[in-house]
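Enquirer: Structure below; questions to follow.
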Amino acid sequence: MDLEEHVESRETLYDGVIVKLERQQVRLPNGESATREVVHHVGAVGILALTDPDHMILERQWRAPIAAATLEIPAGKLDERDAHNIEHAVRRELNEEIRYEPGTLKRITGFYSSVGFSDEYMTLFMATDLKPVTTELPRDQGENLELLTVTKAEARAMIDSGEINDAKTITAIYYWLLQK
């Protein structure tokens, strides 16, 4: 069955620092037309930062889209400082947000965060053998973080209670819980 939609026209509605919003007119496989609103994103990384096999670092921060503070793994978008090097982005984000550098990085997985309206692709990593940075990079403007270290059991309980409700963080924690 042919499911591919063909874009007939595009209109940029907004071009910001983090996202670009585009309205598309598409032709459906059955010949009908439809409108799509697509949020384009440069891509992002998320990091399961382990201080030891049973402890991870979480960040509590305010998230304006949901008007609430969330608990999340360190994460951030790719930008010009990374020169298309995803591991550089991981190391930069760890420095900026939790002030550690990893001895070992392992790619866990990659996924589209919300395919219904966005092309944001996030790559998850696990960082181990953490050491304090010698030179701190500045945090992003307006980025205020509270850092917490939690055990596997605490992280699982936080998911079960709904205290952790961020998809990338839940994915990273479930990966961690499945490790032997």
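The values are calculated or read from the model by the stated rules, or taken from the named source; none is laboratory data. Because the structure is a prediction, the values reported are computed rather than measured. Note: ideal-geometry Cβ built from the backbone for every residue, glycine included; neighbour counts use all protein chains shown. Surface accessibility is based on the protein's heavy atoms, side chains included, excluding ligands, DNA and RNA. Shrake-Rupley method; radii C 1.70, N 1.55, O 1.52, S 1.80 Å.
Enquirer: Can you tell me which of 57, 164, 18 moves the most in a GNM of the chain? Springs connect C-alpha atoms under 10 Å apart.
Expert: 18
Enquirer: Okay, next question. Which three semi-axes in whole Å describe the equivalent ellipsoid of the range 1-90, each the square root of 5 times a Cα gyration tensor eigenvalue, listed largest first?
Expert: Ellipsoid half-lengths, sorted descending, are 36, 16, 16 Å.
Enquirer: While we're looking at this one, here's another question. Please compute the per residue accessible area over the chain with all protein chains in place, 1.4 Å probe, rounded to a whole number of Å².
Expert: I get 58 Å² per residue for the chain.
Enquirer: Same structure, new question: How far, in nm, would the chain grow between residue 109 and residue 12 when pulled straight, counting 0.36 nm per residue and subtracting the alpha carbon separation?
Expert: 31.8 nm
Enquirer: I would also like to ask the following. What chymotrypsin sites (Phe, Trp or Tyr not before Pro) does the range 74-180 have in DSSP loop regions with at most 12 other beta carbons within 10 Å?
Expert: 117
Enquirer: Let me ask another. In degrees from 0 to 90, rounded to the nearest 10, what is the angle of the helix 86-98 Cα long axis to the longest principal axis of the chain?
Expert: It is inclined by approximately 50 degrees.
Enquirer: Using a probe of 1.4 angstrom, how much of the accessible area of the chain is carbon and sulfur, in percent?
Expert: 52
Enquirer: Which angle from 0 to 90°, rounded to the nearest 10, does the C-alpha axis of helix 152-161 make with the longest principal axis of the chain?
Expert: For helix 152-161, the angle is close to 40 degrees.
Enquirer: Check the straight Cα-Cα distances from residue 168 and name the lysines below 20 Å, setting aside those fewer than 8 residues away within the same chain.
Expert: 77, 106, 152
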